[in-house]
Structures are given as C-alpha cells and as structure tokens.
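No value in this document is a laboratory result; all are computed from the given coordinates. Note that the coordinates shown come from a computational prediction; the quantities given were computed from them, not determined experimentally. Please note: Cβ atoms are built from the backbone with ideal geometry, for glycine as well, and neighbour counts cover all protein chains shown.
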Amino acid sequence: MGIPRPYARRIKQDKFIGMRQVMTLDEQTFHDYLSDQNVTLVMFYNPQDHESQRTKPHFVKAAKTTSRENRRSYAAVNCQAEPELCDAQHAFPNMLPVLKLYARGKLLSNHGKSLDYREIRGLVEETPFFPAKFRE
C-alpha cells in the first residue's frame, strides 16, 4: 500500500489541456505534487493566449505517448487563475507558454514555445532523477 498523499484529493485534471494525464496545479498543490514525482514537465499558460493554444497539442501528444514508468508526469498551471504562483516560478505573462522541467521538485530547465511533441516527450523520458528514499 502506498504512502497517503494529502494533496491528492485537491488535484484535478487541467481543463485547458483536457486530458486525465495532465494535472492542474495551484499554490496549495504545486510543491507537494512536484516533490512526489521523479520528473514532471509543467506547462505554465494563459488559456486565451495564441501561443499557449499552439503549444497545447504538442504538450497533449507528448503526455499521451510518454512512458509513465518511474513516476514521470505532466502538469499545468493556468497563469490567469494563479498569477502569484506563475510570478514566483518566473513564468511571466509576456513569456507564456513556458515549459519547466522539475525532478523531485527541483527546477532543472526552462523551455520556450518552439518544442514539438517529440522534444517534449524526450525531455520527460530522458531526464535522470534521484528516486525518493524508501519509506516504510
């Protein structure tokens, strides 16, 4: 039986991305969720922004085709709904969408708008990580 995750009940599928493999994060769930995952790619977006809409299909296809082994995941943050979180993560309105790669909650890299789904998937599948210590 797994370790209880207190944030799990508060986390939902991201409405803009529209698929169950991509969770929406907010200020209450962001750090707990990322710390619990080995590797997570987070898309910071504005749902009304043209570039965010253009990046969305690549992000969706990458999330659908990525191997889920070893707790590799995708998440999203709506910067209209979570402006403070986006500011804290340096995902400013004039930069959106921004893709940020985290391993166990630590920021590894930032990526702009020009990645296609193969590049996005490669980031998630090929990123090394330190697994969580074994807990009883």
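Direction-averaged projected area, Cα convex hull, the stretch 8-126: 6.3 nm², rounded to one decimal. Helix 117-126 and the longest principal axis of the C-alpha atoms of the chain enclose an angle of approximately 20°. Charge dipole (Cα centre; +1 on Lys/Arg Cβ, -1 on Asp/Glu Cβ; no other charges) of the chain amounts to roughly 520 debye.
For a 20 Å ceiling on Cα separation, which of these pairs sit above it: K61/K106; K12/K106; K12/K113; K15/K61; K15/K106; K56/K106? Violating the 20 Å Cα-Cα cut-off are K61/K106; K12/K106; K12/K113; K15/K106; K56/K106. Write down the percent of antiparallel bridges among all DSSP beta bridges whose residues are both part of the chain, to the nearest 5. Within the chain, antiparallel bridges account for around 55 percent of the total. Our coupling estimate for the stretch 81-91, obtained by passing each phi through the Karplus curve with A = 6.51, B = -1.76, C = 1.60 and θ = phi - 60°, is 7, 10, x, 5, 5, 5, 4, 5, 9, 6, 10 Hz, Gly and Pro reported as x. Looking at the chain, which longest stretch skips every one of the trypsin sites (Lys or Arg not before Pro) that is in a DSSP loop with at most 16 other Cβ atoms within 10 Å, leaving the sites themselves out? Counting only loop sites that pass the neighbour cut-off, the longest clear stretch is 21-67. Using only Cα atoms, find the angle between the long axis of helix 50-65 and the longest principal axis of the chain, and express it within 0 to 90 degrees, rounded to the nearest 10. Its long axis makes an angle of about 30 degrees.
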